[in-house]
Amino acid sequence: MGRSRPVRWMTPAERRLWEAYPSGAWVDLRDGARDDPAAGGSWGRGRTVRASVVIALLLGVRGNRPGRVAAVRLAGARVVGDLNLTDATIGSKIHLLGCHLGGDVSLSDSRTRGVRMRSCDIRSFAARRATIDGLLDLAGSTVRAGVYLDNAHITGQLRLTHARVHPIDPGPPRPMPGERLDGGPDAAYDWREPWTRGPVALWGGGLIVDGGAFLRDLHATGCLRLVGARFNTGLHAQRAVIVSPGSHAVQADNMEATAAEFSHGFTTRGTVRLRGARIGGVLSFDRAVLSAQDRALHLSHMQVDELILLPASIEGEVNLNYSRLGVLFDRMAGYPEHVQLNGLTYESLRGQAPVRERLSWVRRDPDGYRPQPYEQLATYYRRIGHDADARRVLLAKQRARRRTLRFPGRLWGRVLDLIVGYGYRPWLAGLWVALLLGAGTAVFSHWPPHQIGLDESRRFDAFTYTLDLLVPVSVFEQRGAWQPVGWTQWLANGLIAAGWILATALIAGGTRVLRASNSP
């Protein structure tokens, strides 16, 4: 190809790029005065490069210089037109710095080496189903109509540090670069998100990133959609700000990652949804600021080695239903009014919280009483050797369950609670026996009963007589030998009834405690 031109006339900037490409040298068009890429639409001919020239170079219209590596390295340029490299195989690197790209960038279905567009102003960026062998770097750039990385595979890092990403304006469907809406063989499907959940700034469904995804200090004004994405070296979104006009700020169902950091000032307005996510290390919301109209965190059905739930503030419900956690590091003051915990299991709790606060935690389910959160908390306390705390939790469970029963069940439950603490406080029965025994002994010592059958002489003992009344089956043969008089007949009958109630409560409570599952 040598000195051939893809077009007859070139701007001065294009000519410089054409000459620099074979050696991969930088072409810096910045003047130090008007270098803000957001204002790049007004840059003159001396800084203008047509997208067609860049495309021609990347597709091999010129070869590399012997001993050098060809590349497009361009700073401070105004790139005019769509940079459409759909379906291409690109062997050279692309590095744009501080450029203004007024058209769409598409690498969809392509295979390319590293792509860097740092501190640029870009209309939209699409690399759907692309394979990028190396780094995809959009750090510091502003993307005005969405970043589309669904089903892409990035073998290096993904960098969106300090980037600003806005969603495409919803409206009539428009084709992405390389796609058609006329019904032809390359017709695009309707890729638009259902707008009831709001527009999407970053599309990353099915994305695979081998070398780590860095979204630190990202600012997005739409949802980050990462459904089914896989981050083999972690997702790092510290200090990112996601403000979504829809209901979701992050939608990452079934995401897989070795770690995920939504921490250190990570801020959202809208739901953070990680339903079914698999995190092999730490999922952290340490010092995050989370808010949503209804549900701030939807973390159900997850599998996480360690969940750090220490947000700086949170407004909206937290859903942890049916998740499996190795370690839960939390703080009771960090939870909102409503927390769903049904089906949640965990091996360890790192947060320092007394039992009463943990009981307040499991009572926050907006759907009311659920037995499993109590049983899981009791299981944890037993595992660490705190049996007294486990019994306290299971007693609270029975009290909460009682409120769901009809009147007879509530009445009997209250009796069980008052007498033996549902079997978890059997010492209460001893107190009742001592109280009744003392009262009966005092009364019958002052108002002794009459002897029945005067043919034999008996000596009355008030203590033994009262004890015999309390035992359901007469042991000391005192009931039949003495007849209470006057109002003490009511006391004797009450002691007999109390004895039966105590015995029944002890049996019922003991049966409940000994039941293997501790189920209601």
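Looking at residue 115 and the list (1) part of a strand (DSSP E or B); (2) in contact with a helix residue (DSSP H, G or I) (Cβ under 9 Å, 6 or more places away or on another chain); (3) β-branched (Val, Ile, Thr), which single condition is not satisfied?
With (1) part of a strand (DSSP E or B); (2) in contact with a helix residue (DSSP H, G or I) (Cβ under 9 Å, 6 or more places away or on another chain); (3) β-branched (Val, Ile, Thr) applied to residue 115, the lone miss is (2).
Every residue, every condition in (1) of a type in the set (Phe, Trp, Tyr); (2) in contact with a Gly (Cβ under 7 Å, 6 or more places away or on another chain), yes or no:
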| position | (1), (2) |
| --- | --- |
| 286 | no, no |
| 300 | no, no |
| 306 | no, yes |
| 319 | no, no |
| 341 | no, no |
| 362 | no, no |
| 366 | no, no |
| 374 | yes, no |
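Quick one: in segment 246-256, which of the residues that are open to solvent by 10 Å² or more (accessible area, probe 1.4 Å) and outside any loop (DSSP other than H, G, I, E, B) is farthest from residue 325 (Cα to Cα)? Step through it out loud before you land on a result.
At the first step, the residues of segment 246-256 found to be open to solvent by 10 Å² or more (accessible area, probe 1.4 Å) are 246-248, 251, 253-254, 256.
Those still in the list that are outside any loop (DSSP other than H, G, I, E, B) too: 246-248, 251, 256.
Working: 246: 29, 247: 26, 248: 24, 251: 20, 256: 15 Å.
Only one residue tops the list, namely 246.
Hey, any hits in segment 337-346 for a residue that's touching a residue at least 12 places away in the same chain (Cβ under 8 Å) and farther than 26 Å from residue 293 by Cα?
Let us first name the residues in segment 337-346 that are touching a residue at least 12 places away in the same chain (Cβ under 8 Å), namely 337-346.
If we keep only those that are farther than 26 Å from residue 293 by Cα as well, we get 345-346.
Yes, that holds for at least one residue.
For segment 97-105, check the following and say yes or no: at least one residue is part of a strand (DSSP E or B), crowded, with 23+ Cβ neighbours inside 10 Å, over 41 Å from the mean Cα position of the chain (by Cα) and modelled with pLDDT of 95 or more. Please lay out each step first, then the result.
The first filter runs over segment 97-105 and keeps only residues part of a strand (DSSP E or B), leaving 97, 100-105.
With crowded, with 23+ Cβ neighbours inside 10 Å added as a condition, the list becomes 100-101, 104-105.
Pick out the ones that are also over 41 Å from the mean Cα position of the chain (by Cα) and you get none.
Within segment 97-105, none of the residues are part of a strand (DSSP E or B), crowded, with 23+ Cβ neighbours inside 10 Å, over 41 Å from the mean Cα position of the chain (by Cα) and modelled with pLDDT of 95 or more.
How about segment 43-80: which of its residues are on the phi < 0 side of the Ramachandran plot, part of a loop (DSSP other than H, G, I, E, B), touching a residue at least 12 places away in the same chain (Cβ under 8 Å) and of a type outside the set (A, V, I, L, M, F, W, C)?
Result: 62, 63, 64, 65, 68.
Take residue 355 and tell me if it is farther than 29 Å from residue 259 by Cα and either open to solvent by less than 40 Å² (accessible area, probe 1.4 Å) or in contact (Cβ under 8 Å) with a residue 40 or more places away in the chain (or both). Full working, then the answer.
On the way: farther than 29 Å from residue 259 by Cα: yes; either open to solvent by less than 40 Å² (accessible area, probe 1.4 Å) or in contact (Cβ under 8 Å) with a residue 40 or more places away in the chain (or both): yes.
Yes: the conditions hold for residue 355.
Does residue 109 qualify as being touching a His at 6+ places or on another chain (Cβ under 9 Å) and acidic (Asp, Glu)?
no
Suppose we filter 260, 288 for residues that are under 13 Å from residue 231 (Cβ atoms) and open to solvent by less than 10 Å² (accessible area, probe 1.4 Å); which single one remains?
Being under 13 Å from residue 231 (Cβ atoms) and open to solvent by less than 10 Å² (accessible area, probe 1.4 Å) holds for just one of 260, 288, which is 260.
Scan the strands (runs of 3 or more DSSP E) fully inside segment 283-376 and keep the ones with 2 or more residues being among the aliphatic types (A, V, I, L, M) and under 20 Å from residue 390 (Cα atoms).
Details: elements: 289-298, 303-309, 313-319, 324-330, 345-349.
By residue number, 324-330.
I'm trying to understand the selection: among the residues of segment 6-42, which are open to solvent by 70 Å² or more (accessible area, probe 1.4 Å), of a type in the set (A, V, I, L, M, F, W, C) and touching a helix residue (DSSP H, G or I) at 6+ places or on another chain (Cβ under 9 Å)?
Answer for segment 6-42, where residues must be open to solvent by 70 Å² or more (accessible area, probe 1.4 Å), of a type in the set (A, V, I, L, M, F, W, C) and touching a helix residue (DSSP H, G or I) at 6+ places or on another chain (Cβ under 9 Å): just 26.
Identify, from the list 205, 228, the residue that is at pLDDT 95 or above, over 21 Å from residue 143 (Cα atoms) and in a loop (DSSP other than H, G, I, E, B).
Values: 205 fails: over 21 Å from residue 143 (Cα atoms).
One residue alone meets the criteria, 228.
When segment 498-512 is examined, which residues are found to be surrounded by fewer than 15 Cβ atoms within 10 Å (Cβ to Cβ) and either at pLDDT 75 or above or under 48 Å from the mean Cα position of the chain (by Cα) (or both)?
Passing the criteria: 507, 510, 511.
Which of the residues belonging to segment 471-497 are buried (at least 17 other Cβ atoms within 10 Å of the Cβ) and not aliphatic (A, V, I, L, M)?
478, 479, 482, 484, 488
Does segment 404-419 hold any residues that are modelled with pLDDT of 70 or more and of a type in the set (Val, Ile, Thr), and which are they?
Within segment 404-419, just 404 meets the criteria.
Could you give every pair whose Cβ atoms fall below 7 Å, whose first residue belongs to segment 232-256 and is farther than 15 Å from residue 167 by Cα, and whose second residue is aliphatic (A, V, I, L, M) and in a strand (DSSP E or B), counting only separations of at least 6 or pairs across chains?
Here the result reads 232/209; 234/257; 234/260; 235/213; 235/257; 235/260; 236/213, each pair linking segment 232-256 to a residue that is aliphatic (A, V, I, L, M) and in a strand (DSSP E or B).
Out of the residues in segment 153-184 that are at pLDDT below 95 and under 21 Å from residue 243 (Cβ atoms), state the one that is surrounded by the most Cβ atoms within 10 Å (Cβ to Cβ). Before the answer, list the steps.
Of segment 153-184, the ones at pLDDT below 95 are 167-184.
Next cut, under 21 Å from residue 243 (Cβ atoms) only: 167-171.
Details: 167: 26, 168: 21, 169: 10, 170: 12, 171: 8.
Out of the qualifying residues, it is 167.
Within segment 43-54, work out how many residues are of a type outside the set (Lys, Arg) and open to solvent by 30 Å² or more (accessible area, probe 1.4 Å).
Our first condition is that a residue be of a type outside the set (Lys, Arg); within segment 43-54, this holds for 43-44, 46, 48-49, 51-54.
Restricting the remaining residues to those that are open to solvent by 30 Å² or more (accessible area, probe 1.4 Å) gives 44, 46, 52.
Total satisfying the criteria: 3.
Report whether or not residue 377 is in contact with a helix residue (DSSP H, G or I) (Cβ under 7 Å, 6 or more places away or on another chain) and over 19 Å from residue 255 (Cβ atoms). Explain how you work it out, then say what you get.
Details: in contact with a helix residue (DSSP H, G or I) (Cβ under 7 Å, 6 or more places away or on another chain): yes; over 19 Å from residue 255 (Cβ atoms): yes.
Here the answer is yes, as residue 377 does meet what is asked.
How many of the residues in segment 202-230 are among the small types (Gly, Ala, Ser), open to solvent by 20 Å² or more (accessible area, probe 1.4 Å) and within 17 Å of the chain's Cα centre (by Cα)?
Of the residues in that region, 1 qualify.
Quick check on residue 25: is it touching a Ser or Thr at 6+ places or on another chain (Cβ under 6 Å) and over 24 Å from residue 123 (Cα atoms)? It would help to see each step written out before you state the result.
On the way: touching a Ser or Thr at 6+ places or on another chain (Cβ under 6 Å): no; over 24 Å from residue 123 (Cα atoms): yes.
When the stated conditions are applied, residue 25 does not pass them.
The values are calculated or read from the model by the stated rules, or taken from the named source; none is laboratory data. Here the structure is a predicted model, which is why all the values come from computation and not from measurement. FYI the Cβ positions are ideal-geometry reconstructions off the backbone, even for glycines, and counts take in every protein chain you see. Note: accessible area is taken over every heavy atom of the protein model, side chains too, but ligands, DNA and RNA are not part of it. Shrake-Rupley method; radii C 1.70, N 1.55, O 1.52, S 1.80 Å.
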